[in-house]
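Engineer: Have a look at the structure that comes next, please.
The values are calculated or read from the model by the stated rules, or taken from the named source; none is laboratory data. Keep in mind that what you see is a predicted model, and the values were worked out from it rather than measured. For neighbour counting, all protein chains shown are included, and Cβ atoms are generated from backbone atoms with ideal geometry for every residue, glycine included.
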Amino acid sequence: MTQGARDLARKEGPGRMAALPGAPSAGAPLPGGCFTEDDLLPLSALQHLVFCERQCGLMFIDRVWRDNSLTLEGSHMHRRVHEEAPRRELRGDLLIARGVHLRSLTLGVVGVADVVEFHRASPPGHDSKEALDVTVKLAGVGGRWRPFPVEYKRGKPKRDRCDEVQLCAQAICIEEMLGVVLMDGALFYGASQRRHEVVFTAELREETCRVSRRLHELFAAGTVPRVERQSKCKSCSLVEICRPDVTGPGRSARRYLANAARIARREEEEEEAM
Ligand code: SF4
C-alpha cells in the first residue's frame with residue numbers, strides 16, 4: 001500500500017472516534033479476513049467510487065479536494081452528528097453510539113459510522129435462542145441488543161447505490177467486529193428529514209464486495225482513471241479540476257491541448273466581459 005493510502009486510512013482509523021459497543025476490548029484480536037491491517041483503505045472512498053471512478057481517484061490517489069455548497073452542507077451535517085451529540089446515549093430500549101470506529105479485513109476498509117443504534121431485543125435474563133445470531137450483549141446495560149447502522153446524508157436519495165454500498169460496508173464491518181448478522185440499517189436524508197430503510201440483501205452485499213475489490217485495484221494501480229463527461233459532472237465538486245471535456249478517454253494529446261487552449265480563451269473572454 002502507498003504511503004498516501006496509509007495516511008488516508010489512518011485518518012479514518014480509531015483516533016478520537018468511539019469504540020463499537022460490544023466489540024472486544026482494545027488490544028484484543030478481532031476476527032480476520034483476506035486483508036491485513038496494513039492493507040486497509042478508507043471506507044468513505046467506496047461511495048465516491050460508485051459515484052465516479054475518476055472522482056474517487058482524484059480524491060484518494062491524487063488527494064485533491066474542493067468544496068462546493070453541497071460538500072460544505074454535508075460536512076456540517078456530519079460534524080453535528082459526530083461532535084455536537086454525546087458519543088453514547090441510552091434512551092430506554094435504544095442505545096445510540098455516535099462516531100463509531102469500524103474496520104473489516106474481509107473488505108479491507110477502515111472508517112467511521114455516523115451512528116450505530118442498538119435496539120433492545122430481550123431484557124436481562126430472557127435471552128431468546130433464535131435471536132442469538134442477530135443480537136449482542138453490551139457491557140453495563142444487560143439483555144441482548146440488535147445493532148442497526150444509520151448514516152446521515154445531505155440532500156435526497158441518489159440515482160446510484162453509492163449510499164447503500166457505504167452503509168452495507170459499515171454493516172459488514174459491524175458483523176465482523178461483533179460476530180452478528182445484520183439484516184438492515186437506514187439512511188437519513190437531510191432534504192426530506194426522513195429515514196430510508198436499507199435491507200442488506202445478498203445482491204447488495206455482493207455489490208459492496210465488488211466495489212471494495214475495485215477500490216483495492218485502483219489503489220494498487222496508483223493512477224487516476226479517465227472517464228467521459230457524465231450528467232452527474234454538473235454536481236461534482238471536482239469538475240473544474242477534472243475537466244472531463246479535455247481529459248476523457250480517447251482524447252489525443254493534440255486535441256487535449258487544443259481544447260485546453262479553447263477553454264482558457266473562453267475563460268479569458270468571460271473575465272474581460274465582466
Ligand atoms: S467531473 Fe465528472 S468525470 Fe470528473 S470526477 Fe466529477 S463526476 Fe467524475
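Engineer: Take the residues in the range 139-162 that are over 22 Å from the mean Cα position of the chain (by Cα) and touching a residue at least 12 places away in the same chain (Cβ under 8 Å); name whichever of them is nearest to residue 196 (Cα to Cα). Full working, then the answer.
Structural biologist: Here is the first cut: in the range 139-162, the residues over 22 Å from the mean Cα position of the chain (by Cα) are 139-145.
When the remaining residues are screened for being touching a residue at least 12 places away in the same chain (Cβ under 8 Å), the result is 139, 141-145.
On the way: 139: 30, 141: 28, 142: 29, 143: 28, 144: 25, 145: 21 Å.
Per the criteria, the residue is 145.
Engineer: Then there is this: What number goes with the only condition from (1) surrounded by 14 or more Cβ atoms within 10 Å (Cβ to Cβ); (2) more than 16 Å from the ligand (Cβ to nearest atom); (3) modelled with pLDDT of 65 or more; (4) part of a loop (DSSP other than H, G, I, E, B) that residue 1 does not pass?
Structural biologist: Residue 1 satisfies every listed condition except (3).
Conditions (1) part of a helix (DSSP H, G or I); (2) touching a helix residue (DSSP H, G or I) at 6+ places or on another chain (Cβ under 8 Å); (3) at pLDDT 95 or above; (4) farther than 30 Å from residue 183 by Cα, marked per residue:
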| site | (1), (2), (3), (4) |
| --- | --- |
| 205 | yes, yes, yes, no |
| 216 | yes, yes, yes, no |
| 226 | no, yes, no, yes |
| 229 | no, yes, no, yes |
| 233 | yes, yes, no, yes |
| 237 | no, yes, no, yes |
| 240 | yes, no, no, yes |
| 245 | yes, yes, no, yes |
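Engineer: Also, I was wondering about something else. Can you name the residue in the range 119-141 that is assigned to a loop (DSSP other than H, G, I, E, B) and modelled with pLDDT under 85 and, of all such residues, is nearest to residue 94 (Cα to Cα)?
Structural biologist: So the first thing to find is which residues in the range 119-141 are assigned to a loop (DSSP other than H, G, I, E, B), and the list is 123-128, 135, 138-141.
Narrowing the set further to residues that are modelled with pLDDT under 85 leaves 123-128.
Values: 123: 12, 124: 14, 125: 18, 126: 17, 127: 17, 128: 18 Å.
Across the range 119-141, the extreme among qualifying residues is 123.
Engineer: Here's another thing I want to ask about it. Residue by residue through the range 189-212, note down the ones that are under 19 Å from residue 51 (Cβ atoms) and surrounded by 12 or more Cβ atoms within 10 Å (Cβ to Cβ).
Structural biologist: Residues satisfying the conditions are 189, 190, 196, 198, 204, 207, 208, 209, 211, 212.
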